[in-house]
Amino acid sequence: MSKRISDKTKEKIAKLVLYRSEHDTIKAIAAKMSVSLSTVNRSVQQYKNQIPATKEKMPEQWSQQERLQAVLDSYHLAAEEQSAYCRRNGIYPHNISQWHQQIQNNQMDKRIVEKIENKRLKAENKALRKEIAKKDQALSEAATLLLLKKRLEEACL
């Protein structure tokens, strides 16, 4: 005789299996919950189908342009910073090294390389121009203050 298992129980079984410790086996979880092994497997599959898929892509699914951008963004970073970059983007440091090697071996289209490098340089140029504008403004204000100070000293004398 088969017994009906509630959706909450199925979810609990699936979570026990998916987030189990290395010491727990699926058979042990099935015995603990008093269900068959096939019920456990079905519960896990149903639970997995309910979980929305992550937006992260596997490194193999990255386009050449995305790979090149990742190399440009992270290759110059220190090992710790590069690892943090990789964690944020769902890749590993060896992917960056491998992609960098591919670029060096001209396995990627040179036009893509130039396009991304130009984009990066334009952004850097824009940031530098903005910084220069701020410094020019500060210099202008400092010159104005010096001129006012000089006039005040002349007026007091």
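Contact map, region 1-28: residues that are under 11 Å from Val40 (Cα atoms) paired with residues that are assigned to a loop (DSSP other than H, G, I, E, B) and modelled with pLDDT of 85 or more, Cβ distance under 6 Å, separation 6+ or inter-chain. No pairs are found. Assessment of region 41-60 against the conditions (among the hydroxyl-bearing types (Ser, Thr, Tyr), exposed (fewer than 15 other Cβ atoms within 10 Å of the Cβ) and modelled with pLDDT of 85 or more) yields no matching residue.
How many residues are closer than 22 Å to Met58 by Cα and outside any helix (DSSP H, G or I) if we restrict to region 83-134?
The qualifying residues number 6.
Quick one: how many residues across region 103-151 are among the aliphatic types (A, V, I, L, M) and either in contact with a Leu (Cβ under 7 Å, 6 or more places away or on another chain) or surrounded by fewer than 10 Cβ atoms within 10 Å (Cβ to Cβ) (or both)? Working first, answer last.
Of region 103-151, the ones among the aliphatic types (A, V, I, L, M) are 103, 108, 112-113, 116, 121, 123, 127-128, 132-133, 138-139, 142-143, 145-148.
Going one step further and asking which of them are either in contact with a Leu (Cβ under 7 Å, 6 or more places away or on another chain) or surrounded by fewer than 10 Cβ atoms within 10 Å (Cβ to Cβ) (or both), we end up with 103, 108, 112-113, 116.
Residues that pass the stated criteria total 5.
In the set Glu141, Glu131, Glu114, Glu124, only one residue is modelled with pLDDT of 95 or more and within 28 Å of the chain's Cα centre (by Cα); that residue is Glu131.
Can you name every residue in region 18-29 that is under 16 Å from Lys48 (Cβ atoms), surrounded by 10 or more Cβ atoms within 10 Å (Cβ to Cβ) and modelled with pLDDT under 85? Across region 18-29, the qualifying residues are Leu18, Arg20.
Within region 78-104, being under 18 Å from Ile116 (Cα atoms) and hydrophobic (A, V, I, L, M, F, W, C) holds for Ile96, Trp99, Ile103.
The values are calculated or read from the model by the stated rules, or taken from the named source; none is laboratory data. Note that this is a predicted model, so its numbers are computed, not measured. Cβ: placed from backbone, ideal geometry, glycine included. Neighbour counts: every protein chain shown.
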